[in-house]
1. Taking residue 38 and the conditions (1) touching a strand residue (DSSP E or B) at 6+ places or on another chain (Cβ under 8 Å); (2) exposed (fewer than 12 other Cβ atoms within 10 Å of the Cβ); (3) modelled with pLDDT of 95 or more, which numbered condition does it fall short on, given that it satisfies the others?
2. Among the residues of the stretch 15-30, which ones are within 25 Å of residue 68 (Cα to Cα) and either within 13 Å of the chain's Cα centre (by Cα) or at pLDDT below 95 (or both)?
């Protein structure tokens, strides 16, 4: 099984940007940014992902998210 991993924390680090700075640039609340940074989400808001990518100058989605194998899921 695969799992979607959000790589926002690393993208912020790579740009020496804080969550609050991203909030100001993107209009996405810091609380939502924090949840994404910690991969603590139930649903993804595509509009927020687009705003974040635009604010950070990201054009390759793999810089923000990726699929990884997750062996913790058992059928």
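1. (1)
2. 19
The values are calculated or read from the model by the stated rules, or taken from the named source; none is laboratory data. Everything numeric here is computed off the predicted structure, so don't read it as measured data. Methodologically, a virtual Cβ is constructed for each residue, glycine included, from the backbone with ideal geometry; neighbour enumeration extends over all protein chains shown.
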